[in-house]
Amino acid sequence: MKTLPLDQLDVLTDAARRSSRLRMNHNLHAELSDPIQRLAIAMEPGTYIRPHRHRHTWELLLPLRGRFAVLEFDEQGAVTGRTTLGAGAAVVETPPDTLHTVVSLDDGGVIFEVKHGPYRPFVDADYAPWSAEANTPQAEAFMTWCRTAAVGDRWPA
């Protein structure tokens, strides 16, 4: 039996806070080649999840601790869906090939992710063409905008 003890969430959160990316994951799957990827991800506010798509799989997210905004976008950067996990929703499933991002709204937040494997590193074509690269002022501005962006709003890239 595999478990993720509650005290492990604190360890994961501490590691995320020390990480330059402000996030850290703990895999429950044994291999990156596993057909189903299952992982807990500690995400601090300010971590940048560049809008992306998974062409081969849906993605299931549920909060273990804290709240997270999950936004879906069209090809031009307009918000087509917004859900707040941990306040209003317990689970969200993003369909395959859907541009999306996740914003951590609370310190100490941990989210659980499930998707089809094997693990596939992102390539440029997976990212929204209007999205900023990590570690740029535009990326920081985008994440601030996402905190309050509503369906119909468009990121002015």
Could you state how much accessible area Asp124 has, in square angstrom rounded to the nearest 10, with a 1.4 Å probe and all protein chains kept in place? 130 Å²
Counting only residues 5 or more places away or on other chains, whose amide H sits under 5 Å from the amide H of Leu99 once H atoms are built in the peptide plane? Phe73
In the chain, how does Rg compare with the Kirkwood Rh, expressed as the Rg/Rh ratio over alpha carbon atoms? 0.94
Per residue, in Å², the accessible surface of segment 72-115 once ligands and nucleic acids are set aside, probe 1.4 Å: 37 Å²
Could you derive backbone 3J(HN,Hα) for segment 84-94 from the dihedral phi with the Karplus parameters 6.51, -1.76 and 1.60 (θ = phi - 60°), listing whole Hz in sequence and x where the residue is Gly or Pro? 10, 6, x, 7, x, 8, 9, 8, 9, 10, 8
Considering only the other residues whose Cβ falls under 9 Å of the Cβ of Glu59, what net charge follows from Lys and Arg at +1 and Asp and Glu at -1? -1
Give, as a single signed number, the net charge of other residues whose beta carbon lies under 12 Å from the beta carbon of His29, with Lys and Arg counted +1 and Asp and Glu -1. 0
Amide H partners (placed H, <5 Å) of Arg65, local residues excluded: Val110
Going toward the positive end of the dipole of the chain, with +1 on Lys and Arg Cβ and -1 on Asp and Glu Cβ, which of Val79, Met1, Ala90 do you reach last? Met1
Would you calculate a helix-derived [θ] at 222 nm for the chain, using -39,500 (n - 2.57) for each DSSP H run of n ≥ 4 and dividing by the full residue count, to the nearest 500? -4500 deg cm²/dmol
What is the extension gain from Val123 to Glu140, computed as 0.36 nm multiplied by their sequence separation minus the C-alpha to C-alpha distance, in nm to one decimal? 4.0 nm
Give a residue-ordered list of calculated ³J(HN,Hα) values for segment 21-32 (Karplus: 6.51 cos²θ - 1.76 cosθ + 1.60, θ = phi - 60°; whole Hz; x for Gly, Pro). 8, 6, 7, 7, 10, 10, 7, 8, 6, 7, 10, 5
Calculate the length of the line joining the C-alpha centroid of segment 1-51 to that of segment 54-109, in whole Å. 16 Å
Would you work out which of Pro63, Ala134, Gly117 lies farthest towards the positive end of the dipole of the chain? Charges go on Cβ: Lys and Arg +1, Asp and Glu -1. Pro63
Calculate one ³J(HN,Hα) per residue across segment 120-127 by plugging θ = phi - 60° into the Karplus curve 6.51 cos²θ - 1.76 cosθ + 1.60, and present them in order as whole Hz with x for glycine and proline. 10, x, 5, 10, 3, 5, 7, 8
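The values are calculated or read from the model by the stated rules, or taken from the named source; none is laboratory data. This is a predicted model, so every value here is computed, not measured. Cβ: placed from backbone, ideal geometry, glycine included. Neighbour counts: every protein chain shown. All accessible areas refer to the heavy atoms of the entire protein, side chains included, with ligands and DNA or RNA removed. Shrake-Rupley method; radii C 1.70, N 1.55, O 1.52, S 1.80 Å.
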